[in-house]
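Have a look at the structure below before the remarks.
The values are calculated or read from the model by the stated rules, or taken from the named source; none is laboratory data. Since the structure is predicted, the reported quantities are computational estimates derived from the model, not experimental observations. As a convention, Cβ positions derive from the backbone with ideal geometry for all residues, glycine included, and neighbour counts pool all protein chains shown.
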Amino acid sequence: MKKSLVAAGIALASGLAAMPALAAQYTIDPTHTFVTFEIDHNGTSTNRGRFDKVEGTIEFDRAAKTGKADISVQIASVNTGTAGFDKHLQTGEIFNVEKFPTARFVSDKFEFDDGKVEAVHGQLTLLGKTLPVKLEAEKFNCYENRMLQGREVCGGDFELKIDRTQWGSDYGVQWGAAKDVKILIQIEAVKQD
């Protein structure tokens, strides 16, 4: 009887040891997360804007080198510092916020280099169309945030370039407006208990 209990205990312990560790869950910190865009303005300057309302969750397992991200951007939160430009961006000519109030990025794969996130591959849904994109990490780090009682926070700066016409945004292209948009993502997410 003792032998069978010991054998069962060893088998259980071996099974538990073989189970993969669960990825940690993180929630995006809206006070440290923004999506900014840049687009050429007639070859003279660069138009810039920021989306102030971003939310979502991240799963991250450093040891297994895996992760998942699901991030939503409220398009009506666009902020260029110029109210008239913000209103134009919200119209059907550009972002059409009435019909498409949210943009969403859902990752397929995290790419690591030397233990750090180097890129995140996924699908970007914008204006009702979903296409693959790759976010390049400019920097990435995890740290214990003293202001949050030592909870772990992970995040970084990510960048991608898109041709907006692939998502159906072609305002002004016929008279030479730029198609290429640089998107900068500043993101921090707090580990959940």
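Residues in region 38-73 that are part of a strand (DSSP E or B), within 14 Å of the chain's Cα centre (by Cα) and surrounded by 16 or more Cβ atoms within 10 Å (Cβ to Cβ): 12 in all.
Note on region 74-88: residues that are surrounded by 15 or more Cβ atoms within 10 Å (Cβ to Cβ) and of a type in the set (D, E, K, R) total 1.
When you scan region 89-107, do you find a residue that is surrounded by fewer than 17 Cβ atoms within 10 Å (Cβ to Cβ), modelled with pLDDT of 95 or more, among the basic types (Lys, Arg) and part of a loop (DSSP other than H, G, I, E, B), even just one? Yes, there is a match, as at least one residue in region 89-107 is surrounded by fewer than 17 Cβ atoms within 10 Å (Cβ to Cβ), modelled with pLDDT of 95 or more, among the basic types (Lys, Arg) and part of a loop (DSSP other than H, G, I, E, B).
Of everything in region 108-142 that is touching a residue at least 24 places away in the same chain (Cβ under 8 Å) and in a loop (DSSP other than H, G, I, E, B), the residue that is surrounded by the fewest Cβ atoms within 10 Å (Cβ to Cβ) is Gly115. Residues in region 170-183 that are surrounded by fewer than 17 Cβ atoms within 10 Å (Cβ to Cβ) and more than 14 Å from Phe95 (Cβ to Cβ): Val173, Gln174, Trp175, Gly176, Ala177, Lys179, Asp180, Lys182.
Among the residues of this structure, Gly56 counts as one that is of a type outside the set (Asp, Glu) and modelled with pLDDT of 95 or more.
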